[in-house]
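Okay, so here's the structure we're looking at.
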Amino acid sequence: MKHDDISHLVGIATDAAQSAGKILRKKESKDRKLEARRGREWKIVADRRAEQVLINHLQRNSDFSILSEESGRLEGKGQLE
């Protein structure tokens with residue numbers, strides 16, 4: 001893989017993370033609602049919304065499979081060579 005290809009992929013990941021971060025930084029009460037609690041782990045609505053933004057962005061802009069905390073493994077269309 002060429003340096004330009006890696007830089008492009010890092011840009012995609014950065015954009016996705018920044019978009020998800022905007023959701024997590026919002027102070028809207030609906031996003032702070034507790035969705036689930038298991039032991040010491042708490043999930044708020046914003047967690048799921050942020051993950052969905054990440055997934056959507058990555059799926060639109062890359063062919064890689066995704067392994068996410070909430071959604072599990074999501075198959076991509078390509079593979080890293």
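The values are calculated or read from the model by the stated rules, or taken from the named source; none is laboratory data. Bear in mind that the values here come from a model prediction, so they are computed numbers and not experimental data. Cβ sites come from the backbone with ideal geometry, for glycine too, and all protein chains shown count toward neighbours. Each accessible area value is taken on the protein alone, full model and side chains, heavy atoms only, with ligands, DNA and RNA left out. Shrake-Rupley method; radii C 1.70, N 1.55, O 1.52, S 1.80 Å.
With a bin width of 5 angstrom, please list the P(r) values of the chain as percents of all Cα-Cα pairs, from the 0 bin to the one holding the largest distance.
That works out to 3, 14, 20, 21, 17, 11, 8, 4, 2, in percent per bin.
In nm, to one decimal, how far is the Ala13 label point from the Glu70 one, both placed 7 Å along Cα→Cβ?
For Ala13 paired with Glu70, the spin-label model returns 2.1 nm.
On the protein heavy atoms, probe 1.4 angstrom, tell me the percent of accessible surface of segment 6-81 carried by carbon and sulfur.
On the way: 2960 of 5740 Å².
That share works out to 52 percent.
In deg cm²/dmol and to the nearest 500, what is the mean residue ellipticity at 222 nm of the chain if only DSSP H runs of at least 4 residues count, each as -39500 (n - 2.57), divided by the residue total?
Details: 2 runs with 40 residues, N = 81.
Rounded to the nearest 500, it is -17000 deg cm²/dmol.
Please report, in debye to the nearest 20, how large the charge dipole of segment 1-78 is about its Cα centre when each Lys and Arg carries +1 at its beta carbon and each Asp and Glu carries -1 there.
Working: 17 positive and 13 negative charges, 117 e Å.
About 560 debye.
Out of residues 5 or more away from Ser65 or on other chains, whose amide H comes under 5 Å of its own, with H placed 1.01 Å from N in the peptide plane?
Gly76, Gly78
For segment 49-57, just list the computed ³J(HN,Hα) in residue order, Karplus coefficients 6.51, -1.76 and 1.60, θ = phi - 60°, integers in Hz, with x standing in for Gly and Pro.
Ordered by residue, 3J(HN,Hα) equals 5, 5, 4, 5, 4, 4, 4, 4, 5 Hz.
Not counting ligands, DNA or RNA, and with a 1.4 Å probe, what is Arg32's accessible surface area in Å² rounded to the nearest 10?
100 Å²
Enumerate by residue number the GluC sites (Glu not before Pro) in segment 1-53 meeting two conditions: DSSP loop (anything except H, G, I, E, B), and at most 15 other Cβ atoms within 10 Å of the site's Cβ.
Values: sites: Glu28, Glu35, Glu41, Glu51; in loops: Glu28.
When the GluC sites (Glu not before Pro) of segment 1-53 are filtered for loop state and at most 15 Cβ neighbours within 10 Å, Glu28 remain.
Along the charge dipole of segment 9-80, pointing to its positive end and built from +1/-1 on Cβ of Lys, Arg, Asp and Glu, which listed residue (Gly11, Leu67, Gly39) has its Cα farthest out?
Checking the options against the dipole of segment 9-80, the answer is Gly39.
In square angstrom, what is the accessible area per residue of segment 20-77 with a 1.4 angstrom probe?
77 Å²
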